[in-house]
Amino acid sequence: MSIELKNISKKFGEVAAVNNVNFSVNDGELVGLLGPSGGGKTTVLRMIAGLELPTEGDIFIRGERVNDLSVQKRNIGFVFQSYALFKSMSVAKNIAFGLTIKKWKKADIEARVAELIQLFGLSGLEKRFPHQLSGGQRQRVAIARALAPKPSVLLLDEPFGAVDAKIRQELREWLVTLHHELNVTTIFVTHDQEEAMEVSNRIVIFSKGNLEQIGTPREVYEQPANEFVARFVGVMNVLEATVGGGVARINEIEFPATGQEDGARLRIGFRPYAVQVSNDLSLLPYRAVLRHTFFLGILLRLEMELPSGLIIRSRMTKEDYAQQGLEDGREVSFQIKNYRVLASDSATLAPELESKYQQPPTMGENI
Amino acid sequence: MAGITKKQFTAGRTKSQRGAEESSLVKWTLISVAMIFCSVFLLLPLVNVFAQAFSKGWGVYWNALTNPDAWSAIKLTLLVAVFCVPLNVVFGLAAAWAIAKFEFRGKALLITLIDLPFSISPIVAGLMFVVLFGLQGYFGEWLRDHDFKIIFAVSGIILATVFITFPFVARELIPIMQATGTDQEQAALTLGANGWQTFWHVTLPSVKWGLIYGVILCNARAMGEYGAVRVVSGNIAGKTQTMPLRVESLNDGFQGAAAFAVASLLALLALVTLAFKTYLEWRQHREFELAQHAVISESGDTTFIAKGKGE
């Protein structure tokens, strides 16, 4: 167990930033702290680093309680969102800083800097100053500088926030490769769920200072612990239906709700891939007009409007879309294959349910 | 077709450029007004100072400067600067650091207090010290009993000058430190640096230019201060008379050439200071230009990513 947080809370004055958070990170793991801004994820990262002190609880790094250990002695590498490169120092001096401070021998420093320059593809830039570098180069210098003193943990605060979209994608892939090569325990903070899903071994999801769920990307996507996670990770249709006569109904759409009291309100969520769409109007139970198609690449997102004005989002492949000859403005039929009741009395989410409607012969591939 | 598009594009651009620029009439009128104003009110008097200083020949000029009282005034002025500038650097750094990097109660009050010497008349500042430390002042008797002399003494002059030059360094540093934030310092901490190492290797280099600039301004003002010093010093020739005070008393005694001789020396000090400031600005500008023109090679990115993808 590389890092362990036990009952960690943090208050800034009266404001509670983090509430009783518990989680641990294994050796060599790459963990993403995900959540909307103000969720407390950066505060958690800074507490691990020692840049903030927890109001309550204990932090352990490699079994050692580090609450009273100063930032300098925690042996962590921290990469700031702004990179925080030393403006008055060259690339080489930036990377060497931690080693100089730790009084490494000159020859060792030179060797380590040369090694990192090589590893990070910064050859030829040693004498440049931070303002003479591109965003991607700056970030690599920042990570190289943090890794130079061989920290036991690498902490990154919004590592891809400050670069443009194209480089961001490349840097994500690079971070995974780097982590694979160096195998150093890494925790990074992000507000971008796609980024967290793509990069992390496990994701810790925060909202309003609370830990909502911890799990592999697949787990949090397929088995969200609560409505917040379900809505935050991936796209979800959420409908608020009213129960009447054993059926929860919103406009045209009905869900079975046996055992529920009449008049109860249920929040029902389903992912776009669970919505099956067909150009054959008699095939599926509901009808809608295809209002807008978003081209996301290989996948398309469809926005459909029911006669009552209700909007449902679906997802299908480009091939399927072309095969069915769909286009904006066309009438389609659809069905909801899987859904969840989001808001129920129990704290945890109800399991995913299959629609009770008779399954027509499947058409094409379902996403 | 392509040709037409290009033409339209170029035409649009020329137009927009013209839209952003003033007509040459406005431009030259503004430049002329500024130049004429500077010549009449700044350059002409400055030239006149030197002309008047030498109006009665080298001999008079030389005597005016080598006179023991003049020499004493020069030494005193330099002594005051030697005391004030380091005090200001220490205070300025501490105040700017506190204001830029911490949140605390009374921060607004501290900022206002730093500006006080700018907004208060130097004469009033001098009088405040007389009221505090003069013989009839609050601490006057105590000071006399313990044989401390502040009013009509060198210590009073230094005190008054420190008060007057209080804001220079701090005012230069606060915006720079606020803009820099604390990220670099925090990064240094995570890399194992202690407070002193962080200050020496990270904070100080990042405010270098602002600090030098503040020191120059502070020095210029410390040597040139008249009002506050006049009130607390008693203006005793050969003892508590600084250069600006000497200029004034010579002028009052109808020794115009001698007054201008000392004045020319003060003006010269000011010009040297300005020249140094200009040189620093030029250097800073050049550093910036170099940085701008440096080819930002993306080669690092591509080779790296290629490598990353290959694995």
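Observations on the model:
- Annotation: amide H-H contacts under 5 Å for A:Gly209 (H modelled 1.01 Å from N, sequence separation of 5 or more, or interchain): A:Gly40.
- Convex hull volume of the C-alpha atoms in the range A:158-240, normalised per residue: 114 Å³.
- Computed lengthening from B:Val82 to B:Phe118, 0.36 nm per intervening residue step minus Cα-Cα distance: 10.8 nm
- Anisotropy class of the range A:21-70 from Cα gyration tensor, a/c 1.5 cut: oblate
- Between the beta carbons of A:Arg65 and A:Glu219, assuming R0 = 30 Å, the FRET efficiency works out to 0.55 to the nearest 0.05.
- Dipole magnitude for the range A:3-232: computed about the Cα centre from +1 point charges on Lys and Arg Cβ and -1 point charges on Asp and Glu Cβ, it is near 1100 debye.
- Cα centre as origin, Lys/Arg/Asp/Glu Cβ charges: the range B:54-292 dipole, Debye: 260
- Rg then Dmax, both in Å and based on the Cα atoms of the protein assembly as shown: 36.2, 117.
- Remark: mean inter-chain Cβ contacts per residue of A:86-92 equal 4, using a 10 Å Cβ-Cβ cutoff to other protein chain atoms.
- Highest average packing first - B:276-286, A:2-12, A:62-72, B:87-97, Cβ atoms within 10 Å: B:87-97, A:2-12, A:62-72, B:276-286
- Normalised alpha carbon radius of gyration of the range A:23-103 [divisor 2.2 N^0.38 Å]: 1.26
- In order along the range A:280-285, phi translates into HN-Hα couplings of 7, 5, 8, 6, 10, x Hz, rounded to whole numbers, per the Karplus curve 6.51 cos²θ - 1.76 cosθ + 1.60 with θ = phi - 60° and x for Gly and Pro.
- When B and A come together, around 2900 square angstrom of accessible surface is lost from both chains combined, probe 1.4 Å.
- Within the assembled protein chains, the solvent-accessible surface assigned to B:Phe54 is about 80 Å², based on a 1.4 Å probe.
- Only DSSP H runs of four or more residues enter the estimate; each adds -39500 (n - 2.57), and after division by the residues of chain A the mean residue ellipticity at 222 nm equals -7000 deg cm²/dmol.
- Acute angle (nearest 10 degrees) that the helix A:135-147 long axis makes with the longest principal axis of chain A, alpha-carbon atoms: 60
- Surface share of carbon and sulfur [accessible, 1.4 angstrom probe, percent] for chain A: 49
- Taking Cα atoms only, the orientation of helix A:91-101 departs from the longest principal axis of chain A by about 70 degrees.
- Shape class of chain B from the alpha-carbon gyration tensor: oblate, with a/c at 1.5 or above and b/c at least as large as a/b.
- Filter on B:Lys149/B:Lys239; B:Lys101/B:Lys277; A:Lys6/A:Lys103; A:Lys11/A:Lys41; A:Lys41/A:Lys337 - keep pairs with C-alpha separation over 24 Å: B:Lys101/B:Lys277; A:Lys6/A:Lys103; A:Lys41/A:Lys337
- Helix A:106-119 vs. chain A, principal-axis angle (Cα, 0 to 90°, nearest 10): 30
- For the range A:270-354: span of alpha carbons on each principal axis (Å, largest first): 43, 29, 21
- Dividing the helix sum by the residues of chain B, where each DSSP H run of 4 or more adds -39500 (n - 2.57), gives a mean residue ellipticity at 222 nm of -25000 deg cm²/dmol.
- Stretch gain in nm, segment A:Asp58-A:Ile311, where the contour uses 0.36 nm per residue and the Cα spacing is subtracted: 86.4 nm
- Anisotropy class of the range A:210-253 from Cα gyration tensor, a/c 1.5 cut: prolate
- What separates the Cα centres of the range A:221-281 and the range A:17-67 is a distance of 35 Å.
- With a 10 Å cut-off around each Cβ of B:193-200, the average count of Cβ atoms from other chains is 2.
- Solvent-accessible ranking of B:Arg105, A:Arg128, A:Arg140, largest area first, probe 1.4 Å: B:Arg105, A:Arg128, A:Arg140
- Spacing of the two label points (7 Å from each Cα toward its C-beta) at A:Lys102 and A:His180, in nm: 2.7
- Calculated FRET efficiency for the pair B:Leu290/B:Leu44, C-beta based, R₀ 35 Å, to 0.05: 0.40
- Approximate spin-label separation B:Asn63-B:Ala237, in nm, with each point projected 7 Å along Cα-to-Cβ: 1.3
- Spatial extent of chain A: Rg and Dmax, with the Cα atoms as the point set, Å: 25.1, 81
- Between B:Ser24 and A:Arg265, the simple label model (points 7 Å from Cα in the Cβ direction) yields a spacing of 7.2 nm.
- Once the 1.4 Å probe is applied to the protein heavy atoms, the range B:9-144 comes out at 70 Å² accessible per residue.
The values are calculated or read from the model by the stated rules, or taken from the named source; none is laboratory data. The structure presented is a predicted model; accordingly, all values stated were derived computationally and were not measured. Cβ: placed from backbone, ideal geometry, glycine included. Neighbour counts: every protein chain shown. We work out accessible area using only protein heavy atoms, side chains counted, and drop any ligands, DNA or RNA first. Shrake-Rupley method; radii C 1.70, N 1.55, O 1.52, S 1.80 Å.
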